[in-house]
Amino acid sequence: MKKTLLALLIATFVQTTHAAPASPVNEMDRIVAVVNKTVITNIDLQNRIDATIQQLKGQNVTPPARDILARQVLEQMITEQVQMEYASSNGMRVDEHDLDQAIADLAKQNKLDVKGLQAQLAKEGVPFERFREEIRREIVLARLKNNEIGSRINVTDSEVDQVLKSAQSANRSEYHLATILISTPERADAKQLDNLSAKANKALGELNDKQPFAKVAASYSDAPNGIKGGDLGWRPAATLPPEFVSMLDQLNPGQHTGVIRTAQGFMIFQLIEKRSGNQPLVVEQYHTSHILIRTNEAVSEADAKSRILQIRDRILRGAKFSEMAKLYSEDGSNVKGGDLGWVNKGDMVPEFEKAMLALPVGTVSEPVRSPFGWHLILVEATRNQDVSADRERQTIKQQLRLRKLDQAYLDWVRQLRDSAFVEERLDDK
(Lines give C-alpha, C1' and ligand atoms only; values in the text may rest on other atoms or scores of the structure.)
Protein backbone atom coordinates (compact mmCIF):
# COMPACT_ATOMS: atom_id res chain seq x y z
CA MET A 1 0.00 0.00 0.00
CA LYS A 2 1.41 3.41 -0.96
CA LYS A 3 2.10 5.94 1.74
CA THR A 4 0.13 9.19 1.79
CA LEU A 5 1.79 12.44 0.83
CA LEU A 6 1.85 13.35 4.52
CA ALA A 7 3.55 10.08 5.43
CA LEU A 8 6.22 10.66 2.79
CA LEU A 9 6.82 14.21 4.00
CA ILE A 10 7.04 13.02 7.59
CA ALA A 11 9.51 10.34 6.55
CA THR A 12 11.59 13.07 4.92
CA PHE A 13 11.65 15.21 8.03
CA VAL A 14 12.20 12.31 10.42
CA GLN A 15 15.34 11.44 8.47
CA THR A 16 16.54 15.04 8.62
CA THR A 17 15.54 15.71 12.20
CA HIS A 18 16.99 12.52 13.63
CA ALA A 19 20.32 12.79 11.82
CA ALA A 20 23.36 12.59 14.07
CA PRO A 21 24.67 16.00 15.15
CA ALA A 22 27.83 17.04 13.36
CA SER A 23 30.96 18.50 14.94
CA PRO A 24 33.28 21.00 13.20
CA VAL A 25 35.67 18.20 12.28
CA ASN A 26 32.96 15.70 11.42
CA GLU A 27 33.01 14.22 7.91
CA MET A 28 29.34 15.19 7.68
CA ASP A 29 30.32 18.89 7.76
CA ARG A 30 32.38 18.49 4.61
CA ILE A 31 31.28 20.75 1.74
CA VAL A 32 30.12 18.69 -1.26
CA ALA A 33 29.11 21.59 -3.50
CA VAL A 34 29.33 25.36 -3.76
CA VAL A 35 26.47 27.11 -5.57
CA ASN A 36 27.26 30.80 -6.05
CA LYS A 37 27.68 31.97 -2.43
CA THR A 38 25.84 29.01 -0.86
CA VAL A 39 27.38 25.72 0.25
CA ILE A 40 25.80 22.27 0.36
CA THR A 41 27.29 20.13 3.11
CA ASN A 42 27.58 16.39 3.28
CA ILE A 43 25.00 16.29 6.05
CA ASP A 44 22.57 18.20 3.79
CA LEU A 45 23.21 15.66 1.06
CA GLN A 46 22.94 12.59 3.30
CA ASN A 47 19.68 13.84 4.80
CA ARG A 48 18.22 14.35 1.32
CA ILE A 49 19.42 10.90 0.23
CA ASP A 50 17.70 9.38 3.27
CA ALA A 51 14.53 11.26 2.40
CA THR A 52 14.69 10.14 -1.24
CA ILE A 53 15.16 6.51 -0.20
CA GLN A 54 12.09 6.78 2.03
CA GLN A 55 10.06 8.28 -0.82
CA LEU A 56 11.13 5.55 -3.25
CA LYS A 57 10.27 2.84 -0.73
CA GLY A 58 6.91 4.53 -0.20
CA GLN A 59 6.32 4.05 -3.94
CA ASN A 60 7.41 0.40 -3.68
CA VAL A 61 10.58 1.18 -5.65
CA THR A 62 13.87 -0.44 -4.66
CA PRO A 63 16.37 2.44 -4.29
CA PRO A 64 19.63 2.32 -6.25
CA ALA A 65 22.97 2.06 -4.46
CA ARG A 66 23.63 4.99 -2.16
CA ASP A 67 26.72 6.22 -4.02
CA ILE A 68 24.79 6.26 -7.31
CA LEU A 69 21.86 8.04 -5.69
CA ALA A 70 24.21 10.61 -4.17
CA ARG A 71 25.15 12.07 -7.56
CA GLN A 72 21.53 12.24 -8.71
CA VAL A 73 20.38 13.84 -5.46
CA LEU A 74 23.25 16.34 -5.39
CA GLU A 75 22.46 17.48 -8.91
CA GLN A 76 18.81 17.95 -7.91
CA MET A 77 19.88 19.99 -4.87
CA ILE A 78 22.12 22.18 -7.03
CA THR A 79 19.39 22.93 -9.56
CA GLU A 80 16.93 23.67 -6.75
CA GLN A 81 19.40 26.04 -5.10
CA VAL A 82 20.04 28.07 -8.25
CA GLN A 83 16.27 28.39 -8.69
CA MET A 84 15.74 29.47 -5.07
CA GLU A 85 18.48 32.09 -5.41
CA TYR A 86 16.89 33.34 -8.63
CA ALA A 87 13.50 33.56 -6.91
CA SER A 88 14.98 35.46 -3.97
CA SER A 89 16.85 37.93 -6.19
CA ASN A 90 13.62 38.62 -8.10
CA GLY A 91 11.58 39.29 -4.98
CA MET A 92 9.49 36.12 -5.09
CA ARG A 93 8.05 35.43 -1.65
CA VAL A 94 5.36 33.22 -0.13
CA ASP A 95 3.35 35.18 2.42
CA GLU A 96 2.16 33.59 5.65
CA HIS A 97 -1.47 33.44 4.52
CA ASP A 98 -0.63 31.42 1.41
CA LEU A 99 1.62 29.14 3.45
CA ASP A 100 -1.07 28.61 6.08
CA GLN A 101 -3.57 27.78 3.33
CA ALA A 102 -1.22 25.27 1.67
CA ILE A 103 -0.63 23.50 4.99
CA ALA A 104 -4.36 23.46 5.73
CA ASP A 105 -4.99 21.91 2.29
CA LEU A 106 -2.31 19.30 2.92
CA ALA A 107 -3.87 18.43 6.28
CA LYS A 108 -7.30 18.13 4.64
CA GLN A 109 -5.94 15.79 1.97
CA ASN A 110 -4.83 13.53 4.77
CA LYS A 111 -8.19 13.83 6.62
CA LEU A 112 -6.74 15.98 9.39
CA ASP A 113 -7.06 19.56 10.58
CA VAL A 114 -3.96 21.69 11.16
CA LYS A 115 -3.87 20.82 14.88
CA GLY A 116 -4.08 17.15 13.96
CA LEU A 117 -1.24 17.62 11.50
CA GLN A 118 0.86 19.34 14.16
CA ALA A 119 0.14 16.50 16.56
CA GLN A 120 1.17 13.90 13.97
CA LEU A 121 4.39 15.77 13.24
CA ALA A 122 5.15 16.12 16.96
CA LYS A 123 4.54 12.40 17.43
CA GLU A 124 7.17 11.72 14.78
CA GLY A 125 9.58 14.26 16.26
CA VAL A 126 9.32 16.71 13.36
CA PRO A 127 9.54 20.44 14.22
CA PHE A 128 6.50 22.19 12.76
CA GLU A 129 8.45 25.33 11.77
CA ARG A 130 10.92 23.25 9.79
CA PHE A 131 8.01 21.51 8.08
CA ARG A 132 6.53 24.92 7.19
CA GLU A 133 9.77 26.08 5.59
CA GLU A 134 9.99 22.96 3.42
CA ILE A 135 6.43 23.55 2.18
CA ARG A 136 7.35 27.19 1.53
CA ARG A 137 10.29 26.04 -0.61
CA GLU A 138 8.06 23.72 -2.65
CA ILE A 139 5.59 26.55 -3.27
CA VAL A 140 8.38 28.88 -4.43
CA LEU A 141 9.69 26.31 -6.91
CA ALA A 142 6.18 25.67 -8.28
CA ARG A 143 5.49 29.39 -8.65
CA LEU A 144 8.84 29.96 -10.27
CA LYS A 145 8.05 27.39 -12.95
CA ASN A 146 4.63 28.91 -13.59
CA ASN A 147 5.70 32.55 -13.50
CA GLU A 148 8.93 32.28 -15.47
CA ILE A 149 7.84 29.65 -17.98
CA GLY A 150 4.14 28.86 -17.73
CA SER A 151 3.00 32.43 -18.30
CA ARG A 152 4.86 32.47 -21.64
CA ILE A 153 3.55 29.14 -22.94
CA ASN A 154 0.73 29.38 -25.45
CA VAL A 155 -0.99 26.74 -27.56
CA THR A 156 -2.94 28.17 -30.47
CA ASP A 157 -6.13 26.78 -31.94
CA SER A 158 -4.30 26.24 -35.23
CA GLU A 159 -1.78 23.98 -33.48
CA VAL A 160 -4.63 21.89 -32.07
CA ASP A 161 -6.35 21.86 -35.48
CA GLN A 162 -3.16 20.60 -37.10
CA VAL A 163 -2.99 17.68 -34.69
CA LEU A 164 -6.67 16.86 -35.18
CA LYS A 165 -6.30 16.90 -38.97
CA SER A 166 -3.34 14.57 -38.94
CA ALA A 167 -3.76 10.87 -39.54
CA GLN A 168 -2.49 10.31 -36.02
CA SER A 169 -5.68 11.78 -34.50
CA ALA A 170 -7.61 8.71 -35.67
CA ASN A 171 -5.84 6.81 -32.89
CA ARG A 172 -7.83 7.49 -29.70
CA SER A 173 -5.52 5.48 -27.46
CA GLU A 174 -3.84 6.95 -24.38
CA TYR A 175 -0.53 5.78 -22.93
CA HIS A 176 0.70 5.90 -19.35
CA LEU A 177 4.46 6.41 -19.74
CA ALA A 178 7.64 6.66 -17.73
CA THR A 179 10.94 7.97 -19.05
CA ILE A 180 14.66 8.12 -18.49
CA LEU A 181 16.39 11.22 -19.87
CA ILE A 182 20.12 11.61 -20.32
CA SER A 183 20.23 15.30 -21.23
CA THR A 184 22.80 16.74 -23.60
CA PRO A 185 24.34 20.23 -23.26
CA GLU A 186 23.50 22.75 -25.97
CA ARG A 187 27.10 22.81 -27.25
CA ALA A 188 28.12 19.23 -26.54
CA ASP A 189 31.12 18.02 -28.52
CA ALA A 190 31.49 14.56 -30.04
CA LYS A 191 33.28 13.15 -26.99
CA GLN A 192 30.56 14.38 -24.61
CA LEU A 193 27.86 12.92 -26.82
CA ASP A 194 29.67 9.57 -26.94
CA ASN A 195 29.93 9.53 -23.14
CA LEU A 196 26.28 10.44 -22.68
CA SER A 197 25.22 7.85 -25.26
CA ALA A 198 27.24 5.25 -23.35
CA LYS A 199 25.49 6.29 -20.14
CA ALA A 200 22.07 5.86 -21.79
CA ASN A 201 23.05 2.46 -23.11
CA LYS A 202 24.28 1.46 -19.67
CA ALA A 203 20.86 2.33 -18.27
CA LEU A 204 19.27 0.32 -21.10
CA GLY A 205 21.49 -2.62 -20.23
CA GLU A 206 20.25 -2.58 -16.64
CA LEU A 207 16.66 -2.53 -17.88
CA ASN A 208 17.38 -5.47 -20.17
CA ASP A 209 18.80 -7.25 -17.11
CA LYS A 210 15.33 -6.89 -15.52
CA GLN A 211 16.16 -4.04 -13.15
CA PRO A 212 12.97 -2.09 -12.26
CA PHE A 213 12.44 0.92 -14.53
CA ALA A 214 11.84 3.30 -11.60
CA LYS A 215 15.09 2.22 -9.94
CA VAL A 216 17.09 2.77 -13.14
CA ALA A 217 15.39 6.16 -13.65
CA ALA A 218 16.39 7.19 -10.12
CA SER A 219 19.96 6.11 -10.88
CA TYR A 220 20.43 7.76 -14.28
CA SER A 221 17.69 10.17 -15.36
CA ASP A 222 18.38 13.91 -15.53
CA ALA A 223 14.68 14.77 -15.73
CA PRO A 224 13.15 16.50 -12.67
CA ASN A 225 10.92 13.47 -12.05
CA GLY A 226 13.75 10.99 -12.58
CA ILE A 227 14.62 10.61 -8.93
CA LYS A 228 10.98 9.69 -8.28
CA GLY A 229 10.90 6.95 -10.90
CA GLY A 230 10.33 8.92 -14.11
CA ASP A 231 6.51 8.68 -14.26
CA LEU A 232 5.10 10.98 -17.00
CA GLY A 233 1.42 10.23 -16.48
CA TRP A 234 -1.02 9.69 -19.37
CA ARG A 235 -0.34 10.92 -22.91
CA PRO A 236 -2.89 10.75 -25.78
CA ALA A 237 -1.70 9.23 -29.04
CA ALA A 238 -2.70 12.34 -30.98
CA THR A 239 -0.03 14.43 -29.23
CA LEU A 240 2.80 11.99 -29.87
CA PRO A 241 4.87 11.54 -33.06
CA PRO A 242 3.37 8.79 -35.28
CA GLU A 243 6.60 6.80 -35.34
CA PHE A 244 6.69 6.87 -31.54
CA VAL A 245 3.09 5.66 -31.28
CA SER A 246 3.94 2.81 -33.65
CA MET A 247 6.79 1.90 -31.32
CA LEU A 248 4.52 2.02 -28.25
CA ASP A 249 1.89 -0.15 -29.93
CA GLN A 250 4.48 -2.91 -30.23
CA LEU A 251 5.05 -2.90 -26.47
CA ASN A 252 3.15 -4.68 -23.75
CA PRO A 253 2.60 -2.92 -20.40
CA GLY A 254 5.85 -3.05 -18.44
CA GLN A 255 8.09 -3.16 -21.52
CA HIS A 256 10.44 -0.37 -22.60
CA THR A 257 11.87 1.13 -25.78
CA GLY A 258 15.50 1.27 -26.75
CA VAL A 259 17.52 4.47 -26.55
CA ILE A 260 15.89 7.24 -28.59
CA ARG A 261 17.80 10.38 -29.62
CA THR A 262 15.72 13.56 -29.16
CA ALA A 263 16.35 17.30 -29.01
CA GLN A 264 16.58 17.00 -25.22
CA GLY A 265 19.07 14.16 -25.21
CA PHE A 266 18.94 10.36 -25.05
CA MET A 267 15.65 8.92 -23.83
CA ILE A 268 14.17 5.55 -22.90
CA PHE A 269 10.42 5.13 -22.44
CA GLN A 270 8.41 2.51 -20.58
CA LEU A 271 4.78 1.71 -21.34
CA ILE A 272 3.05 1.33 -17.97
CA GLU A 273 -0.57 1.09 -19.19
CA LYS A 274 -2.65 1.69 -22.28
CA ARG A 275 -6.34 2.57 -22.56
CA SER A 276 -8.95 3.61 -25.09
CA GLY A 277 -9.92 7.27 -25.15
CA ASN A 278 -13.42 6.80 -26.59
CA GLN A 279 -15.48 6.74 -23.40
CA PRO A 280 -18.19 9.43 -23.06
CA LEU A 281 -17.64 12.04 -20.37
CA VAL A 282 -20.25 14.21 -18.64
CA VAL A 283 -18.83 16.96 -16.43
CA GLU A 284 -20.02 19.99 -14.49
CA GLN A 285 -18.90 23.19 -16.17
CA TYR A 286 -18.56 26.73 -14.89
CA HIS A 287 -18.99 29.84 -17.03
CA THR A 288 -16.25 31.90 -15.43
CA SER A 289 -14.76 35.37 -15.73
CA HIS A 290 -11.81 36.82 -13.85
CA ILE A 291 -9.65 39.88 -13.31
CA LEU A 292 -5.93 39.37 -12.75
CA ILE A 293 -3.33 41.69 -11.23
CA ARG A 294 0.13 40.15 -11.59
CA THR A 295 2.98 40.39 -9.11
CA ASN A 296 6.49 41.07 -10.40
CA GLU A 297 9.65 42.99 -9.61
CA ALA A 298 7.81 46.31 -9.80
CA VAL A 299 4.53 45.21 -8.14
CA SER A 300 4.72 43.71 -4.65
CA GLU A 301 2.26 41.24 -3.14
CA ALA A 302 0.79 44.00 -0.97
CA ASP A 303 0.40 46.43 -3.88
CA ALA A 304 -1.21 43.82 -6.14
CA LYS A 305 -3.66 42.77 -3.42
CA SER A 306 -4.48 46.39 -2.65
CA ARG A 307 -5.25 47.06 -6.32
CA ILE A 308 -7.48 43.99 -6.64
CA LEU A 309 -9.37 45.01 -3.47
CA GLN A 310 -9.96 48.48 -4.90
CA ILE A 311 -11.34 46.95 -8.11
CA ARG A 312 -13.58 44.62 -6.09
CA ASP A 313 -14.90 47.58 -4.10
CA ARG A 314 -15.82 49.42 -7.31
CA ILE A 315 -17.66 46.34 -8.61
CA LEU A 316 -19.58 45.96 -5.36
CA ARG A 317 -20.57 49.64 -5.65
CA GLY A 318 -22.05 49.06 -9.11
CA ALA A 319 -19.27 48.93 -11.69
CA LYS A 320 -19.61 46.16 -14.28
CA PHE A 321 -17.21 43.24 -13.81
CA SER A 322 -16.54 43.07 -17.56
CA GLU A 323 -15.69 46.78 -17.77
CA MET A 324 -13.28 46.53 -14.84
CA ALA A 325 -11.66 43.50 -16.51
CA LYS A 326 -11.18 45.43 -19.77
CA LEU A 327 -9.64 48.36 -17.91
CA TYR A 328 -7.44 46.64 -15.34
CA SER A 329 -6.99 42.90 -15.88
CA GLU A 330 -3.48 41.82 -16.86
CA ASP A 331 -4.61 38.63 -18.59
CA GLY A 332 -5.29 38.00 -22.26
CA SER A 333 -8.98 37.51 -21.46
CA ASN A 334 -9.29 41.25 -20.67
CA VAL A 335 -10.40 42.03 -24.24
CA LYS A 336 -13.40 39.77 -23.60
CA GLY A 337 -14.20 41.40 -20.30
CA GLY A 338 -12.38 38.67 -18.43
CA ASP A 339 -14.59 35.93 -19.89
CA LEU A 340 -12.88 32.51 -19.77
CA GLY A 341 -15.88 30.69 -21.24
CA TRP A 342 -17.03 27.33 -19.88
CA VAL A 343 -14.40 25.85 -17.58
CA ASN A 344 -14.12 22.20 -16.51
CA LYS A 345 -12.70 20.91 -13.27
CA GLY A 346 -8.99 20.47 -13.73
CA ASP A 347 -8.63 23.26 -16.30
CA MET A 348 -7.41 25.88 -13.83
CA VAL A 349 -4.59 25.98 -11.31
CA PRO A 350 -5.63 24.53 -7.90
CA GLU A 351 -5.91 27.84 -6.02
CA PHE A 352 -8.16 29.34 -8.70
CA GLU A 353 -10.25 26.19 -9.06
CA LYS A 354 -10.84 25.81 -5.32
CA ALA A 355 -12.27 29.33 -5.10
CA MET A 356 -14.28 28.89 -8.32
CA LEU A 357 -15.94 25.68 -7.14
CA ALA A 358 -16.97 27.24 -3.82
CA LEU A 359 -18.35 30.45 -5.34
CA PRO A 360 -22.13 30.97 -5.64
CA VAL A 361 -23.32 31.92 -9.12
CA GLY A 362 -23.29 35.69 -9.62
CA THR A 363 -21.02 36.43 -6.65
CA VAL A 364 -17.68 38.19 -6.96
CA SER A 365 -14.98 36.34 -5.02
CA GLU A 366 -12.69 37.69 -2.39
CA PRO A 367 -9.13 38.19 -3.74
CA VAL A 368 -7.63 34.81 -4.73
CA ARG A 369 -3.87 34.25 -4.91
CA SER A 370 -2.55 31.90 -7.61
CA PRO A 371 0.95 31.46 -9.08
CA PHE A 372 0.03 34.14 -11.62
CA GLY A 373 -1.00 36.87 -9.18
CA TRP A 374 -4.22 38.08 -7.51
CA HIS A 375 -7.62 37.31 -9.06
CA LEU A 376 -11.23 38.29 -8.72
CA ILE A 377 -13.48 35.47 -9.95
CA LEU A 378 -17.09 35.55 -11.11
CA VAL A 379 -19.05 32.37 -11.90
CA GLU A 380 -21.91 33.40 -14.17
CA ALA A 381 -23.57 29.99 -14.63
CA THR A 382 -23.05 26.24 -14.21
CA ARG A 383 -24.19 23.25 -16.26
CA ASN A 384 -23.71 19.52 -16.72
CA GLN A 385 -22.34 18.93 -20.18
CA ASP A 386 -21.45 15.92 -22.30
CA VAL A 387 -17.96 16.93 -23.35
CA SER A 388 -17.06 13.78 -25.26
CA ALA A 389 -16.76 15.78 -28.49
CA ASP A 390 -14.64 18.48 -26.82
CA ARG A 391 -12.55 16.23 -24.64
CA GLU A 392 -10.12 15.24 -27.36
CA ARG A 393 -9.50 18.85 -28.33
CA GLN A 394 -8.99 19.96 -24.74
CA THR A 395 -6.76 16.98 -23.96
CA ILE A 396 -4.62 17.69 -27.00
CA LYS A 397 -4.32 21.35 -26.04
CA GLN A 398 -3.36 20.50 -22.46
CA GLN A 399 -0.80 17.93 -23.55
CA LEU A 400 0.74 20.24 -26.14
CA ARG A 401 1.05 22.90 -23.46
CA LEU A 402 2.53 20.41 -21.01
CA ARG A 403 5.07 19.26 -23.58
CA LYS A 404 6.05 22.86 -24.36
CA LEU A 405 6.21 23.70 -20.66
CA ASP A 406 8.37 20.72 -19.76
CA GLN A 407 10.78 21.40 -22.62
CA ALA A 408 11.01 25.13 -21.89
CA TYR A 409 11.45 24.52 -18.17
CA LEU A 410 14.26 22.01 -18.70
CA ASP A 411 16.00 24.44 -21.05
CA TRP A 412 15.55 27.35 -18.63
CA VAL A 413 16.85 25.41 -15.61
CA ARG A 414 19.84 24.20 -17.64
CA GLN A 415 20.66 27.77 -18.70
CA LEU A 416 20.20 29.01 -15.14
CA ARG A 417 22.54 26.33 -13.83
CA ASP A 418 25.10 27.01 -16.56
CA SER A 419 25.15 30.70 -15.65
CA ALA A 420 25.70 29.97 -11.94
CA PHE A 421 29.01 29.30 -10.24
CA VAL A 422 28.87 25.61 -9.30
CA GLU A 423 31.75 23.63 -7.84
CA GLU A 424 31.08 19.98 -7.01
CA ARG A 425 33.29 18.39 -4.37
CA LEU A 426 31.59 15.03 -3.88
CA ASP A 427 34.76 13.08 -4.55
CA ASP A 428 36.96 15.29 -2.37
CA LYS A 429 38.08 13.77 0.90
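Values computed for the structure shown
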| read-out | value |
| --- | --- |
| Dipole magnitude (debye, nearest 20) for the chain, charges at Cβ of Lys, Arg, Asp, Glu | 600 debye |
| Label-point gap, in nm, between residue 31 and residue 109 - each point 7 angstrom along Cα→Cβ | 3.6 nm |
| Gain upon complete extension [residue 158, residue 120; 0.36 nm per residue less C-alpha separation] | 8.6 nm |
| Magnitude of the charge dipole, segment 243-300, Cβ model with Lys/Arg +1 and Asp/Glu -1, debye to 20 | 60 debye |
| Accessible area in square angstrom per residue, segment 282-386, 1.4 angstrom probe | 51 Å² |
| Helix runs (DSSP H) in the chain reaching 27 Å along axis by Cα, Kyte-Doolittle at least -1.0 | 66-89 |
| Approximate spin-label separation residue 403-residue 234, in nm, with each point projected 7 Å along Cα-to-Cβ | 1.8 nm |
| Calculated FRET value between residue 135 and residue 250, using beta carbons and R₀ = 41 Å, to 0.05 | 0.40 |
| Spin-label model distance (nm) - residue 424 vs residue 67, 7 Å beyond Cα toward Cβ | 1.5 nm |
| Dipole of the chain, positive direction: furthest Cα of 408, 283, 359, with charges on the beta-carbon | 283 |
| Fraction of accessible area attributable to carbon and sulfur, the chain (%, probe 1.4 Å) | 51 percent |
| Assigned charges on the beta-carbon of Lys, Arg, Asp, Glu; segment 289-359 dipole about Cα centre (debye) | 320 debye |
| Loop-located GluC sites (Glu not before Pro) in segment 237-317 whose Cβ has at most 14 other Cβ within 10 Å (DSSP) | 297 |
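The values are calculated or read from the model by the stated rules, or taken from the named source; none is laboratory data. Model, not experiment: these values are computed from the prediction. Cβ: placed from backbone, ideal geometry, glycine included. Neighbour counts: every protein chain shown. Surface areas here come from the heavy atoms of the whole protein model, side chains and all, with no ligands, DNA or RNA. Shrake-Rupley method; radii C 1.70, N 1.55, O 1.52, S 1.80 Å.
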